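Taken together, the values in this text are just the output of simple stated rules run on the coordinates, not laboratory data. Just so it is clear, the structure is predicted and the values come from calculations on it, not from any experiment. Cβ placement follows ideal geometry from the backbone for every residue including glycine, while neighbour counts extend to all protein chains displayed.
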Amino acid sequence: MWLGIVILALLVSGVTAFPLETELRWIVAHTGWIPFPAVVAWLNRVHDGLAATNRAYPFLAYGTDWLAFAHLVLAVLFIGPWRDPVRNKWVVQFGLIACFGVLFLALIAGPVRGIPFYWRMIDCSFGVVGALPLWMCLNDIRRLEER
């Protein structure tokens with residue numbers, strides 16, 4: 001179950017990284033439920049920047065296409081431990097290391113790129129939330145190893 005959650009999350013994050021401008025346009029049009037004006041302002045700024053960049057330099061979106069592809073490839077990677085958890089324990093350990101790395105990227109690169117602190121905390125939450133099912137999975141694998 002835990003690996004299924006990880007695989008599904010990677011697939012969803014990969015597929016949703018392709019149509020970023022369309023998704024942001026929809027989110028910006030439906031921000032009435034967000035009670036934090038700073039978040040709404042940030043989403044509008046990001047959408048405006050992305051739309052302007054896509055108009056003037058559409059080839060830059062190729063970078064996020066590769067990001068999306070990487071998520072899809074990583075989802076496939078986790079099929080290994082799904083099929084043979086003990087033999088492919090290293091994949092789960094790799095995933096935990098990657099989740100830990102998310103914190104460093106958000107906290108180091110975020111300020112350099114002008115990302116607001118609250119948004120960096122949202123980014124950090126992906127590392128923490130991603131690590132939870134992987135940690136559970138690693139514990140399950142350890143129990144299998146003891147058999």
**Asked** What nm distance separates the two modelled labels at THR31 and ARG147, each placed 7 Å from Cα along Cα→Cβ?
**Response** 5.1
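Length gain on complete extension for the stretch VAL76 to ASP140, per 0.36 nm per residue less the alpha carbon to alpha carbon distance? Walk me through the numbers before you get to the answer.
Numbers: separation 64, 0.36 × 64 = 23.04 nm, distance 2.01 nm.
Extending this stretch completely gives an extra 21.0 nm.
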**Prompt:** About the Cα centre of region 2-146, what is the dipole size in debye to 20, counting +1 per Lys and Arg Cβ and -1 per Asp and Glu Cβ, all else neutral?
**Reply:** 120
**Prompt:** What's the angle, to the nearest 10 degrees (0 to 90), between helix 37-56's Cα axis and the longest principal axis of the chain?
**Reply:** 80
**Asked** HN-Hα J couplings of region 92-106 from phi, Karplus 6.51/-1.76/1.60, θ = phi - 60°, integer Hz, Gly and Pro as x?
**Response** 5, 4, 4, x, 5, 4, 4, 4, 5, x, 4, 4, 5, 4, 5
**Gaussian network model of the chain, Cα within-10 Å springs - most flexible of ILE34, ILE97, ILE115** = ILE34
**Prompt:** Whole-Hz Karplus ³J(HN,Hα) for region 64-78, in order, using 6.51 cos²θ - 1.76 cosθ + 1.60 and θ = phi - 60°, x for Gly and Pro?
**Reply:** 6, 5, 5, 4, 4, 4, 4, 4, 5, 5, 5, 4, 5, 4, 6
